[in-house]
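Trainee: Just dropping this structure here.
Just so it is clear, none of the values below were taken in a lab; they were calculated from the coordinates. Since this is a predicted model, take the numbers as computed values, not measurements. Virtual Cβ from ideal backbone geometry, glycine too; neighbours counted across all protein chains shown.
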Amino acid sequence: MKKAQIATAALVLAATMPALAQGNPQGMDHSKMNHGQMNHSAMAEMMQPTQANPYPPAEMKMHRAMMGAVGSDATETWVRKMIEHHRGAVEMSQIVLRDARDAKIREMATKSSAEQRQEINELQAWLREHGKRPQ
C-alpha cells in the first residue's frame, strides 16, 4: 500500500512540476489527469508529520523554494536551487537534533548542518562575486 501511495504522490508531483517551474500552478491543465485513480486523502496523510517521519513540512518547504529558485541562466539557477537544497538539509538536521537521542546521529546531524551552512555561504559568495543578489 505504501508503495502505491508513494508512486501516486510521485506522479502528481511530476505532473505539477512544469506548471510550478513556470510559477503558474493555477494554470495547470488537469483535463488529461485521471482523478478517479488518485487518492488525495492518502497523499495528504503522507504529507503530515508523524513521530516516525517529522520531515514532510521541511521537505515541502524545500521543494517549493527549489522550484521557485530561478536565475538568469542555468548556472545561476543551479546555485540558487542548491542554496535551497542545503537550507532544507539544515532544517532536517535541526529536526533530528531536536528529537534524536542517539549520540552518533546527533554528531552526524551537527556536522551535516555545519557543512551545509558552509556550502550556503560559498554559494552566496559566488552570487555576490558575480553581481547577483544573494538569497
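Trainee: Which residues, counting only those in region 76-96, are among the hydrophobic types (A, V, I, L, M, F, W, C) and surrounded by fewer than 15 Cβ atoms within 10 Å (Cβ to Cβ)?
Mentor: 78
Trainee: Quick check on my filter: what residues within region 45-75 are more than 15 Å from the chain's Cα centre (by Cα) and buried (at least 17 other Cβ atoms within 10 Å of the Cβ)?
Mentor: 71
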